[in-house]
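For reference, the structure I am asking about is given below.
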Amino acid sequence: MEIPQFKNDIRVTNRLEKELGSIIEKYPEGKVYVVVDEHTRGFCLPELQQYDFFKSIQVLELKSGEDHKNLESVVAVWNFLEENGADRKSLLINLGGGMLSDLCGFAASCFKRGLHFVNIPTTLLSQVDASVGGKTGINFNGLKNEIGVFNQPQTVIIASRFLKTLDKANFLSGYAEMLKHGLIHSKAHWDECLAFDTENIDYETLNGMIARSVAIKEHFVVNDPTEQNIRKALNLGHTVGHAFESMALHQGRPILHGHAVAYGIIVELYLSAKKVGLPMEQVEQISQWIIDTYGPFSIAKSDYEALYLKMTKDKKNEAGRINFTLIPEIGKVEINVNCEKELIIEALDYYSGMTK
């Protein structure tokens, strides 16, 4: 399959030095800054530090994890930029996963009312999702991405070489977003993802798959930059998935974002069968594949009310309605589908039965 052309400056490349160097040379010396976390400092930063153009760049390390995706970390970025003389002509490079690109994109968007930032995503999840699309933000009051702005990065540089350090769980976390892209837009991409051997990864093949997955996300972003309409298609699996993710964190058994989305897809495919006609046989086949691939995440009936309450707080709800993105068939989508509480509980029951 061909590598797609992007409308925004998204570069899927094996020539990291050339691509990054062509960006950095446009900024004054001493006015380029990099933020990493403890993982990317060890695994990914040395890849950049070998280049001559990187020698004058200041580096800030933040702590990784959703519990550090908060205002305190944003203030740390602002202090770092202020103390090192950043101005509106400066560039902030975010080298890390989705948590870091979300947080630092938000910090860059606010500092001196906005400076340029570049995302170099280092996890599969951030490459196919978080680093693309212009969403930035932090968690607040126990809710994911509650505070943030829409602001496109100057450039996104995607290099699959960084994925060689990922463990299987984190690889599958990103893979869930690729599966979602296939479900909402392209049966060909869905079939491609199902056929790919995640146990023996061919990174050259993966590079092309990532590019096609990113192109699907960009299609929705370009047609609806601020998520007023069709971009909501990207929410498949997320209304329930975010509820699972928040509840799991609260219960002291955290799960990765992509795993939560995969489990959320099961629930929302059941809703798709009941509300928009997705064949139940297909729901069962996909659900079983997800459980076999991601393993079970169990929920109890006593969790249902808390999960439902978290769904009511989803940012895409309107006028008291819980709005779901559902699919009548693979590659087609219906947005803003309201589901009554009784049906949501029924769908949670279906999910629970799949995990036993």
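Using alpha-carbon pairs under 8 Å, 6+ residues apart, how would you state the relative contact order of region 10-166 in percent? Mind dumping the intermediate values first?
Values: 295 pairs, mean separation 40.3, N = 157.
Contact order relative to length: 26 percent.
Scanning the chain for helices, which whole DSSP H stretches are 15 Å or more long along the axis (Cα) and average 1.0 or more by Kyte-Doolittle?
Values: long enough: 71-83 (18 Å, 0.70); 98-110 (18 Å, 1.15); 168-185 (25 Å, 0.01); 203-223 (30 Å, 0.23); 238-250 (17 Å, 0.10); 257-276 (26 Å, 0.64); 280-294 (21 Å, -0.34); 341-354 (20 Å, 0.15).
Membrane-span-like by this rule: 98-110.
Could I ask something else about it? Within the set of other residues whose C-beta is less than 10 Å from the C-beta of Ala159, count the net charge using Lys and Arg as +1 and Asp and Glu as -1. Can you show the working numbers first?
Numbers: positive: Arg11, Arg15, Arg161; negative: Glu19, Glu47.
Combined, the nearby Lys, Arg, Asp and Glu give +1.
For the chain, modelled as a GNM with alpha-carbon contacts under 10 angstrom, which of Leu60, Leu183, Leu309 fluctuates the most?
Per the Cα network of the chain with a 10 Å cutoff, Leu309 tops the list.
Another question, then. Once the other residues with Cβ under 9 Å from the Cβ of Leu91 are scored (Lys, Arg +1; Asp, Glu -1), what is the net sum? Each step should come with its number before you reach the end.
On the way: positive: Lys26, Lys31, Lys89; negative: none.
Here the charged neighbours net out to +3.
Where is the GNM fluctuation largest for the chain (alpha-carbon springs, 10 angstrom cutoff): Arg113, Arg231, Arg161?
Top of the fluctuation ranking is Arg113.
How do Ser352, Ser56, Ser126 rank when sorted from fewest to most other Cβ atoms within 10 Å of their own Cβ?
Working: Ser352 17, Ser56 12, Ser126 27.
Least to most surrounded, the residues fall as Ser56, Ser352, Ser126.
Does region 201-356 come out rounded, prolate or oblate, given a ≥ b ≥ c as the square roots of the eigenvalues of its C-alpha gyration tensor, rounded meaning a/c under 1.5 and, failing that, prolate meaning a/b above b/c? Spell out each step's value before the answer.
Details: a/c = 1.45, a/b = 1.17, b/c = 1.23.
Because its axes are fairly even, with a/c under 1.5, region 201-356 counts as rounded.
So, one more: If you take every residue apart from Arg41 with its C-beta less than 12 Å away from the C-beta of Arg41, what net charge results, scoring Lys and Arg +1 and Asp and Glu -1? Kindly include the intermediate steps, with their values, before the conclusion.
On the way: positive: Lys63; negative: Asp37, Glu38, Glu47, Glu61.
That sum, taken over residues with Cβ under 12 Å, equals -3.
Right, something else. Using Cα pairs closer than 8 Å and at least 6 residues apart in sequence, work out the relative contact order for the chain, in percent. Working shown, then result.
On the way: 624 pairs, mean separation 50.9, N = 356.
Computed value for the chain: 14 percent relative contact order.
Order of Ile158, Ile299 from fewest to most other C-beta atoms within 10 Å? Before the final figure, lay out the partial values.
Details: Ile158 26, Ile299 22.
So the ranking, lowest neighbour count to highest, is Ile299, Ile158.
Considering the options Pro254, Gln58, Asn14, tell which one lies farthest towards the positive end of the dipole of the chain, charges being +1 on Lys and Arg and -1 on Asp and Glu at the Cβ, about the Cα centre.
It is Gln58.
Could you give the dipole magnitude of region 10-166 about its Cα centre, charging the beta-carbon of Lys and Arg +1 and that of Asp and Glu -1, in debye to the nearest 20? List each step's numbers first, then the result.
On the way: 17 positive and 18 negative charges, 93 e Å.
It comes to approximately 440 debye.
Right, next: With both partners inside the chain, how many of the DSSP beta bridges are antiparallel, as a percent to the nearest 5? Please list the in-between numbers first.
On the way: 7 of 27 bridges.
Given both bridge residues lie in the chain, the antiparallel proportion sits at roughly 25 percent.
Still on this structure, I have one more. Using just the helices of the chain, give the 222 nm mean residue ellipticity in deg cm²/dmol: DSSP H runs with n ≥ 4 each add -39,500 (n - 2.57), and the total is spread over all residues, rounded to 500. The partial results should precede the final answer.
Numbers: 13 runs with 165 residues, N = 356.
Helix-only estimate at 222 nm: -14500 deg cm²/dmol.
Hey, another quick one. I need Val128, Val12 ordered by Cβ neighbour count within 10 Å, fewest first.
Numbers: Val128 28, Val12 21.
Ordered by Cβ neighbours within 10 Å, fewest first: Val12, Val128.
Name the most mobile residue of Thr293, Thr122, Thr239, meaning the one with the largest mean-square fluctuation, in a Gaussian network model of the chain with Cα contacts below 10 Å.
The residue that fluctuates most here is Thr293.
Taken together, the values in this text are just the output of simple stated rules run on the coordinates, not laboratory data. Please read all numbers here as calculations on a predicted model, not as lab measurements. Counting neighbours? That spans all protein chains shown, and the Cβs are built from the backbone with ideal geometry, glycine included.
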